[in-house]
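One structure is given here, and the rest of the page talks about it.
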Amino acid sequence: MTVSRISALALFICLIFSSCLSRAAAKQSGYSAYILQYVQQDKVYLLEKLRPSVTKQSEKTVIDALLSEDGPRAAYLFQKQLKDYPDPSLDSLSKARLAAYRSALSSEPEIMRSVTQHAFILQFGSFGSPENARKLAMQVSPRIPVRIFSEKGQYKVRSKQLYRTRAEAAAKAKKLPFNSYVVHLR
């Protein structure tokens, strides 16, 4: 073998070995830096690719929350990460996402009211506890999209779907296996 071939082979082995070492180091220390980077870059597909490699429970929970398309479920997962799997590198992300979720919940009905003069929705329950509202929302959401609406200390689980008439909303309510009543938005 020539010196250049030996050097090339040695370089190749070093590259492979360092790549394996960096993957092993990532498994040891976690993927928090990657998660934060992918969130900042809004690269969901990279989070999906990273998901099978993640072993730390805090990172798994945050990735599941980030990839969830169900708002109440994502909020639940962010809270679970903060409570059950605190991780200084991910806590600020979870707190920021929860704050954004709460802000969206509190402002959404005002937007709806300004857009619709007269509309009806279904309400499935009203709770003093956000956790109880979230539990009901998780049960109802596979059948109909819902949101949790906070008003005067109460957390109300309501449909996202707007209906033009009370009769239209009542007809939808009859088709669902959950108790609900029609609410008139003014």
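Data overview
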item	result
Members of the stretch 122-160 that are under 16 Å from Pro177 (Cα atoms), in a strand (DSSP E or B) and aliphatic (A, V, I, L, M)	Leu122, Val146, Val157
Close pairs (6 angstrom Cβ cut-off, 6 or more residues apart or separate chains): assigned to a helix (DSSP H, G or I) in the stretch 171-182, among the hydrophobic types (A, V, I, L, M, F, W, C) anywhere	Ala173/Leu122
Which numbered condition Arg143 fails, given (1) modelled with pLDDT under 90; (2) out of contact with any Pro (no Cβ under 9 Å at 6 or more places or on another chain)	(2)
Qualifying residue in the stretch 107-119 (condition: surrounded by 14 or more Cβ atoms within 10 Å (Cβ to Cβ), touching a strand residue (DSSP E or B) at 6+ places or on another chain (Cβ under 9 Å), modelled with pLDDT of 90 or more and not hydrophobic (A, V, I, L, M, F, W, C))	no
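The values are calculated or read from the model by the stated rules, or taken from the named source; none is laboratory data. Only a predicted model underlies this, so the values are computations on that prediction, with no experimental measurement involved. Quick reminder, even Gly has a Cβ in these numbers, built from the backbone with ideal geometry, and neighbours come from all protein chains shown.
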